[in-house]
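Encoded as structure tokens, the structure appears first; notes follow it.
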Amino acid sequence: MHIPDKNDEHARKDYVYGQILAGMNSGVFHVRQPLEQWRAGYAVFENLAMKMMKDPAFRKSVDFARGAGNFTNEVLFISGELSASSGPDLQRRHAALFPRARVVVIKNAGHYMFNENLEECAAAIRDYFGKS
């Protein structure tokens, strides 16, 4: 582990996690090119996603949808059309939890749609804020 962590206890794990993410080119994430990223956040992944995978009781206790129906502003969901893990179908299910939501699907993009088609993602976000 050649990454110094004297002033940053997360640096090593973030580096390794970033390399793992960069190497993922499976059909699940549909990564076509190396990811340009500054740093992956392993601490969040470890304390939420990994804990959910390992601890069924914790997984059942996490409810991200609780209260979603009370949020009255419009919510924007953006999805890469080729992402099998969190693609358009899942985002449409999430959008249905809110009284006002829209789903924008980025064509020919996978899970990392901002890396693959930043212009279209930015246009969707600009359009959303222009109408809010």
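Among residues belonging to segment 73-85 that are farther than 16 Å from Tyr128 by Cα and open to solvent by 30 Å² or more (accessible area, probe 1.4 Å), point out the one that is modelled with the highest pLDDT.
Glu81
For Arg100, state whether it is modelled with pLDDT of 95 or more, closer than 23 Å to Gly69 by Cα and over 18 Å from the mean Cα position of the chain (by Cα).
yes
Give the number of residues within segment 100-132 that are open to solvent by 40 Å² or more (accessible area, probe 1.4 Å), touching an Asp or Glu at 6+ places or on another chain (Cβ under 9 Å) and part of a loop (DSSP other than H, G, I, E, B).
Total meeting the criteria: 4.
From the list Leu48, Leu90, Leu97, pick out the single residue that is open to solvent by 40 Å² or more (accessible area, probe 1.4 Å) and either within 30 Å of Ala11 (Cβ to Cβ) or touching a Leu at 6+ places or on another chain (Cβ under 8 Å) (or both).
Leu48
Answer yes or no: is there a residue in segment 56-72 that is assigned to a strand (DSSP E or B) and modelled with pLDDT of 80 or more.
No, segment 56-72 contains no residue that is assigned to a strand (DSSP E or B) and modelled with pLDDT of 80 or more.
The values are calculated or read from the model by the stated rules, or taken from the named source; none is laboratory data. Here the structure is a predicted model, which is why all the values come from computation and not from measurement. All Cβ positions, even for glycine, are placed from backbone atoms using ideal geometry, and neighbour counts span all protein chains on display. Ligands, DNA and RNA are excluded from the accessible area calculation, which covers all protein heavy atoms including side chains. Shrake-Rupley method; radii C 1.70, N 1.55, O 1.52, S 1.80 Å.
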